[in-house]
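Everything on this sheet refers to the single structure shown next.
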Amino acid sequence: LLLAGPPAAQPAPPTCYSRMLSLSREVTGDFQSLQAVEPSEPCVRYLPTLYLDIHNYCVLAKLRDFVASPQCWKVAQVDALKDKVRKLYIIMNSFCRRDLVFLSDDCNALEYPIPVTTVLPDGQR
């Protein structure tokens, strides 16, 4: 029995916070791929931008605006994305409200996110 190895470690169950974080990343990724796949579709061009930061208080209004945006009858990916956005809003506003801490209320940061840059160690280029 000892040679069989240690028992497999059970991963920690997802928390409200981890679920919000993973779903917000998923929504942002789906939105970016939608813009890449359907850039000429008129309804996709007029959707509100989705750069989500669950620590920014303005994210709740951003999610509401996205769900309330006009329907894209011909683009099934938009409906699927709106369902995820609606789910994230419900999780943030109802189920996980007490687990969420807002660190800012900068609405412009959700419109024009600061690009992430990678700093290389000295001597490397």
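Built from the Cα atoms of region 16-103, the convex hull projects on average onto 5.1 nm², one quarter of its surface area.
Within the full protein context, the accessible area of R45 is estimated at about 140 Å² for a probe radius of 1.4 Å. So with the 1.4 Å probe, I'd like the accessible area per residue for region 16-103, rounded to whole Å². Accessible surface, normalised per residue, equals 57 Å².
In this label model, R98 and D65 are separated by 3.2 nm, measuring between points 7 Å along each Cα→Cβ vector.
Dipole orientation for region 16-103: of the candidates L50, L100, Y89, L100 has the Cα lying most toward the positive pole (charges on Cβ; Lys, Arg +1; Asp, Glu -1).
Applying 1/(1 + (r/R0)^6) with r as the Cβ-Cβ distance of C43 and K84 and R0 = 25 angstrom yields a FRET efficiency of 0.90. Each Lys or Arg adds one and each Asp or Glu subtracts one; over the other residues with Cβ under 11 Å from the Cβ of C72, this totals 0.
The values are calculated or read from the model by the stated rules, or taken from the named source; none is laboratory data. Treat the numbers as computed from the prediction; the structure is a model and nothing was measured. As a convention, Cβ positions derive from the backbone with ideal geometry for all residues, glycine included, and neighbour counts pool all protein chains shown. With ligands, DNA and RNA removed, areas are computed over all heavy atoms of the protein, side chains included. Shrake-Rupley method; radii C 1.70, N 1.55, O 1.52, S 1.80 Å.
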